[in-house]
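Taking it in order: structure first as structure tokens, then the write-up.
Derivation of every value follows stated rules applied to the coordinates shown; laboratory data play no part. Since the structure is predicted, the reported quantities are computational estimates derived from the model, not experimental observations. Because the Cβ atoms are built from the backbone with ideal geometry, glycine has one as well, and the counts that use them run over all protein chains shown.
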Amino acid sequence: MLKVTNLKKVYPKSDRVAVDDISFELRPGEIFGFLGQNGAGKSTTIKCLTGILPFDGGSIEVCGYDIQKEPIKAKMNMGYVPDNHSVYEKLTGREYVNYVADLYRVSKQDRTERLERYLDLFKLRFAIDKQIKAYSHGMKQKICIIAALIHEPRLWVLDEPMMGLDPQSTAEIIAYMREHCAKGNTVFFSSHNLDLVKRLCHRVAIINDGHLIDCFDLAGNEENKANLEERFFKITGTYEKRLFEDYVAQEQAEMRPDMPVESVEEPVKQSDTYTDANDYYGYAAPEQFDTYAGNNENYDYAAPEQPYDQNYDGGTEDEQ
Amino acid sequence: MNDKISWLSVKSLLRLEMRARFGSGVDMTPKAKVGKALSMLFTLAIYAILVTGIYYLAEMFVRRSHMPFEFLVMAMTFTVCVTTLVAIGNVVKNLYLSGDNELLLRFPVSGKEILLSKSLYCMVHNIVINLLILIPVCVIYGVVSSAPVGYYFVMLAVMVLAAPLPYAIANLLAIPVMMLMNLVKNQFLLVLILLIAAICAGFILYMTALSGVLEYMRDESASLFSPTVMEKFRNFAGAAYPFKWYALLLGGWFSGYSSLDAGLSFLYLFLITAALSVAAYFVTTRNYYKIILVGVETEKVSFQKKIPNIKRSVFGTLLNREFFLILRSFNYSFQYLAMAVAAPVMVYYCNDLAATMGQNTVGAAIVPGLTLLVIIIFSAIIVSFASTSISREGNAFYHTKIIPVSYSTQILAKLVLYGAVGTASVVLSTIVVAAAFGTDAAGNLLTDLDIGCIFIISEMITLALTCLAIASDVKSPTFNVVGDGEMVSASKNMIISLIVGILVAAVFGMFTMVFSFVPLQVGSTVVIPIGESNNIYAILCGVSAVILAASVAALFVNLDKRYQKIAP
């Protein structure tokens, strides 16, 4: 679905290599997390693979199309949600979505059906005919997501997608990511939220100082899941045993100077009943997202644990 | 709101305000310094033209028409009106619409301190503007009317007295102006029509005044005003209160009025200024904090528009988006659409004036050249807007990179829109000049051949300038946007486009004018004999076609590669 080979990017007038010799491949049906510290090269990589930035070496293929040689075909298969959710603020939400749908040649019927569904899903119906400049941070993020999905891209790329979103919308997006990949599509997103990545992603890659330093499975690998934080801290060179222990322990009662010891509640265990979307961060099990999404009558839910094609070998010529 | 005012905070805020307006001046590159110096020179040149205009007007009224007092009343009316308008704009912009209000409210400073610092800035601005207009008006009047020395001392007193009034009026009117602006905020078409009307009215007024001045400069023996017009001036001067009081105070005592009139004028002006200042103080201090809070809250007020989901072609949707992003911005509507629509009116008046002056001095043969010059200059002004077509994408520029539409198609859509607006403007301008100068009644100053060739050459140059303007922005866009994503100020591309356009206009216009009188010879061969305008047009058409082809090539050859290099 996405094949990045020896990607190299140096910004003009800079002697620092922003991204150096990065290679990875995304398979159909998987959610792929892209982790790294601030300035590690996540956004640069994403901007290169979406065609925003030119790059100095390597190649990027989207659904078999080289982004440099066949950019239109490659972009046709991609939907991108930027981290700064910048859009044309003078347009109304509907005008913007229609504009994007026109560019991706989406039929009138398809765009109407999809838009109706997304408006319910992301609770944005009340604002769709208003000018985007009046939207809040989260609403702009939602309209970006709707516009990115209006052509049902095979590869959905999101840069820090959960920033500024309310918990309910976050849960909706997580559920929709799973639904999207259950259809055989791929989701690629960057995040700083290790808990979210651990619960959502089938696979994860870690970038540090422009180099891809690790790429491993999470789905079906409990050990990797359990060790994600430690592994991240270690391989990004930020691991210090004492600090990491502090990080892990900070949720424990004795480490909460902001609360009297007796009033601090133990973290909700995974087996506890899930009651509030606000509680999912750090505590709730993936099944609980599913339960939540399943409660939404408008939600056409697909199994979240849809495994990606473990035997995927990069696709056949026909597929490409 | 904290009642106690910290002068340290006020000082810091004032310094911040000054830095925001004029920059710190530290670490300026030599290029920036040259730019600033050129900008100052340009401002000085404009000011010098204004002062020269005032001088000729003063001579017209005082020496030629013997209406010194009438001139003084009209000059004071003009001065007070202009300074009041400038002050309203300044107060609304700095006190109420300033983007930093929200930021400042987060700091540990009170609303009163913000008001005080911004008011100090506005007051200084108001005084400077007052002095810049009043000094030349009063000094020129004194020189032209051979006023006694005492007049210059009175002048200083009047300048001190005149400064606070516009500022007080501005503070009182700023609030209703703000309310009006909020009312028409999303009435884009209405705003566009009003802008066009205002531009046309202002330009006609300006050209009429300029025409009078130039006529006076040309023929000193010509009678200036008819008895009816002079009577109208006298009636106006007799009833134009409170401006007449300024004139009475300033020059009444040596223009036949009594000292009592001057004394009473001073009293009336003092009382009016004091009353309005006190009223402005109370209105502003009581409402300022409330209004900037409302401003912050309603900054994002937008319109709602229900439309069905419409499917357009890729090209159509690109055009549609580009047009609406311009129409839905006051700044862009003014800079581009209003100017494009008003251009034919401006072309007519400029051409009329230039043709009249030219005919009287050189002869009717220069009219085609002048027309070409004027049309291309106005096209260049309109088309220079295209030099921000990439920069105006602002933070949403990434969007042009991720969509599955080739960069060439995207740029072509922009070219078609700007080309269409430019073409419409050229067509209208040509129709206007044809109707005004190409008829029997107008003496057939322009023949059908002139009109046709002027249109073809202007059109080719307009399209060429559009291509060059867009190409310059592809080469070096400036994504310097604020608020809703609008550009902060004119980019260097815009200035360069404008200069190139004016140069082309000057060369083409001069070429046509000069070779209407002088034969063009290459060696001993006469290429263009006198009176053979066909050859002049053939050469210019050929050159225009070459320029157009080169401009299209400059825009589209290797466009994908150049566009891909743009990194927001």
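Give me the percent relative contact order of the range A:51-91, please, defined on Cα pairs under 8 angstrom at least 6 residues apart.
For the range A:51-91, the relative contact order is 27 percent.
Can you give the Kirkwood hydrodynamic radius for the range B:392-525, in Å, rounded to one decimal and based on Cα pairs?
Details: mean 1/r = 0.0557 Å⁻¹.
For the range B:392-525, inverting the mean 1/r across all distinct Cα pairs yields 18.0 Å.
What average number of partner chain Cβ atoms lie no more than 10 Å from the Cβ of the residues making up B:511-522? Kindly include the intermediate steps, with their values, before the conclusion.
Values: counts 0, 0, 0, 0, 0, 0, 0, 0, 0, 0, 0, 0.
Averaged over the peptide's residues, the number is 0.
Evaluate the distance, in nm, between pseudo-label points positioned 7 Å from the Cα of B:K565 and of A:E113 along their respective Cα→Cβ axes.
Between B:K565 and A:E113, the simple spin-label model gives 4.6 nm.
Using a simple charge model, +1 on the beta-carbon of Lys and Arg, -1 on the beta-carbon of Asp and Glu, nothing else, what dipole does the range A:15-90 show about its Cα centre, in debye to the nearest 20? Kindly include the intermediate steps, with their values, before the conclusion.
On the way: 8 positive and 11 negative charges, 58 e Å.
Here the range A:15-90 has a charge dipole of around 280 debye.
Measure of size requested: the Rg and Dmax of the range A:156-230, with Cα atoms as the atom set and Å as the unit; please supply both.
Over the range A:156-230's Cα set, Rg and Dmax evaluate to 12.7, 35 Å.
Per Stokes-Einstein, at 10 °C and 1.306 mPa s, what whole-number D in µm² s⁻¹ belongs to chain B, with the Kirkwood radius over Cα pairs as the hydrodynamic radius? Don't skip to the end; give the middle numbers.
Details: Rh = 27.3 Å.
It comes out at roughly 58 µm²/s.
Based on the Kirkwood radius over alpha-carbon pairs, what value in µm²/s does the Stokes-Einstein equation return for the translational diffusion coefficient of the range A:47-132 at 20 °C and 1.002 mPa s? Mind dumping the intermediate values first?
Values: Rh = 14.8 Å.
It diffuses with D of about 145 µm²/s by this estimate.
Straight-line reach from B:K4: which lysines fall under 16 Å, measuring Cα to Cα and dropping same-chain residues less than 8 apart?
B:K4 reaches B:K112.
Taking Cα pairs under 8 Å and at least six residues apart, what relative contact order does chain B come out at, in percent? List each step's numbers first, then the result.
Details: 595 pairs, mean separation 82.7, N = 568.
Contact order relative to length: 15 percent.
How high is the relative contact order of the range A:112-172, in percent, counting Cα pairs under 8 Å that sit 6 or more residues apart? Could you put the intermediate results ahead of the total?
Numbers: 25 pairs, mean separation 23.5, N = 61.
Rounded, it is 39 percent for the range A:112-172.
Report, in deg cm²/dmol and to the nearest 500, the calculated mean residue ellipticity at 222 nm for chain B, where each DSSP H run with n ≥ 4 adds -39500 (n - 2.57) and the sum is divided by the residue count. Don't jump to the answer; show the numbers that get you there.
Values: 20 runs with 409 residues, N = 568.
Value at 222 nm, helices only: -25000 deg cm²/dmol.
Using only Cα atoms, figure out Rg for the range B:495-568 and give it as a multiple of 2.2 N^0.38 Å. Each step should come with its number before you reach the end.
Values: Rg = 17.6 Å, N = 74, 2.2 N^0.38 = 11.3 Å.
For the range B:495-568, the normalised Cα radius of gyration comes out at 1.56.
Pull out the extension gain between B:A435 and B:K11, defined as 0.36 nm times the separation in residues minus the alpha carbon to alpha carbon distance; nm, one decimal. Walk me through the numbers on the way to the answer.
Details: separation 424, 0.36 × 424 = 152.64 nm, distance 6.02 nm.
Result for the pair: 146.6 nm of gain on full extension.
Report ³J(HN,Hα) in whole Hz for each residue of the range B:116-132, in order, from the Karplus equation J = 6.51 cos²θ - 1.76 cosθ + 1.60 where θ = phi - 60°; Gly and Pro get x.
Coupling constants for the range B:116-132: 5, 5, 5, 5, 4, 4, 4, 5, 4, 4, 5, 5, 4, 4, 4, 5, 4 Hz.
Roughly how crowded by other chains is peptide B:309-317, in terms of the mean Cβ count from those chains within 10 Å of each of its Cβ atoms? Walk me through the numbers on the way to the answer.
Values: counts 14, 7, 11, 5, 2, 4, 1, 1, 7.
The mean count of partner-chain Cβ atoms within 10 Å per residue comes to 6.
Treating only the Cβ atoms of Lys and Arg (+1) and Asp and Glu (-1) as charged, compute the dipole magnitude of the range B:388-519 about its Cα centre; round to the nearest 20 debye. Could you put the intermediate results ahead of the total?
Working: 5 positive and 8 negative charges, 102 e Å.
In debye, rounded to 20, the range B:388-519 gives about 500.
Between B:V522 and B:A198, with labels modelled 7 Å along Cα→Cβ, what's the label distance in nm to one decimal, could you check?
5.2
Using a Cα-Cα cut-off of under 21 Å, which lysines could be cross-linked to A:K130, ignoring same-chain neighbours fewer than 8 residues away?
A:K90, A:K108, A:K140, A:K142, B:K185, B:K300, B:K305, B:K306, B:K311
Taking R0 as 30 Å, what's the FRET efficiency between B:T447 and B:I502 from their Cβ-Cβ distance, rounded to 0.05? It would help to have the intermediate numbers written out before the result.
On the way: r = 26 Å, r/R0 = 0.88.
The value I calculate is 0.70.
Taking the beta-carbon count within 10 Å as an exposure proxy, list B:K475, B:K4, B:K112 from fewest neighbours to most.
Values: B:K475 13, B:K4 7, B:K112 19.
With the fewest neighbours first, B:K475, B:K4, B:K112 line up as B:K4, B:K475, B:K112.
Can you pull the mean other chain C-beta count within 10 Å for peptide A:100-113? Before the final figure, lay out each step's value.
Working: counts 4, 5, 13, 11, 4, 5, 2, 1, 4, 2, 2, 3, 3, 1.
Taking all residues of A:100-113 together, the mean is 4.
Two decimals is fine: what is log10 I(q)/I(0) at q = 0.10, 0.11 Å⁻¹ for the range A:19-169, from a Debye sum with one equal scatterer on every Cα and no solvent?
Per q value, in the given order, log10 I(q)/I(0) is -0.37, -0.45.
Pop a pseudo-label 7 angstrom from the Cα along the beta-carbon direction at both B:V128 and B:N534 and give the gap in nm to one decimal.
Placing both labels 7 Å along Cα→Cβ, they lie 6.0 nm apart.
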